[in-house]
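One structure is given below, encoded as structure tokens.
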Amino acid sequence: MNTPRTTTVHRATSETDITVTINLDGTGQTRIDTGIGFLDHMLTALGRHSMCDLDITAKGDLHIDYHHTVEDTGIALGKAFAMAIGDKRGIRRYGSATVPLDEALCEAVVDISGRPFLAWSVTFGRDKIGDMDTELFEEFFRAFAMSALVTLHVIQRAGHNCHHIAEAAFKALARALRTASEADPRAGGIIPSTKGSL
């Protein structure tokens, strides 16, 4: 894995205009500006704990609601991840992490499989965190998984504080992605599949 695993994706629609740059082998540096404060906070945590450098700017129709911006940011980030990971030679492929944040505990399990799927078992006790609808977290994770071409399970093990639950979920995803995308020193340059491709 000597090739730089970095890419930039630009996604522009009538609803959003988003640019994502990702470096999978970074140091967790981030510059995030989506216009949604809590989403910025979560994406900053995602970059820091995955050790991916992330530069994300999004302009969306926030005067309508946050749905388009949140979903399209997930799509753009997922596409950038898929492009940066390349043919997946030499990676671990699987990763899992269980992350606590005070009373909250969330688990994320990822397979960089080429088969997109999201299993979401997270519940929130209120409709909003700040100005962000809590139902949009599932939309973000689904958009990311589908566009990144990964199988992703996110499971809430404990918690009642909605901020803590959301943050634990993002940090768990970050740590799982970090493990799954890392080089496996025993694998050499092989693709981690008996089929020979992912």
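The values are calculated or read from the model by the stated rules, or taken from the named source; none is laboratory data. Just so it is clear, the model here is predicted, and its values are computed rather than measured. When we count neighbours, we look across all protein chains shown, and the Cβ atoms used for this are built from the backbone with ideal geometry, even at glycine. Each accessible area value is taken on the protein alone, full model and side chains, heavy atoms only, with ligands, DNA and RNA left out. Shrake-Rupley method; radii C 1.70, N 1.55, O 1.52, S 1.80 Å.
Anyone know which of L173, L136, L62 comes out most mobile in the 10 Å Cα GNM of the chain?
Of L173, L136, L62, the most mobile in the Gaussian network model is L62.
For K88, give me every one of the lysines with a C-alpha distance below 26 angstrom, ignoring sequence neighbours fewer than eight places off in its own chain.
Partners within reach: K79, K171, K195.
Just in segment 1-47: which trypsin sites (Lys or Arg not before Pro) are loop by DSSP and have at most 11 other Cβ atoms within 10 Å?
On the way: sites: R5, R11, R31; in loops: R5.
Qualifying residues, ordered by number: none.
Counting only DSSP beta bridges with both residues in segment 70-198, tell me the antiparallel percent, nearest 5. Please report the intermediate quantities before stating the final value.
Values: 18 of 23 bridges.
Taking every DSSP beta bridge within segment 70-198, about 80 percent pair in antiparallel fashion.
So for segment 114-198, what percent of the C-alpha to C-alpha distances run longer than 19 Å?
Details: 1676 of 3570 pairs.
Here the long-distance tail beyond 19 Å is 47 percent of all Cα pairs in segment 114-198.
Hey, any idea what % of the chain's accessible area is carbon plus sulfur with a 1.4 Å probe? Write out the running numbers ahead of the final one.
On the way: 4400 of 9040 Å².
Answer for the chain: carbon and sulfur cover 49 percent of the accessible area.
So if we plug the beta-carbon distance of I64 and D33 into 1/(1 + (r/R0)^6) with R0 = 25 Å, what FRET efficiency do we get, rounded to 0.05?
Values: r = 19 Å, r/R0 = 0.76.
For I64 and D33, the calculated efficiency is 0.85.
Add -39500 (n - 2.57) for each DSSP H run of 4 or more in the chain, then divide by its residues: what number comes out at 222 nm, to the nearest 500 deg cm²/dmol?
Working: 4 runs with 67 residues, N = 198.
After summing the helix terms and dividing by residue count, I get -11500 deg cm²/dmol.
Any idea of the accessible area per residue across segment 1-157, 1.4 Å probe, to the nearest Å²?
Working: 7090 Å² over 157 residues.
That works out to 45 Å² for each residue.
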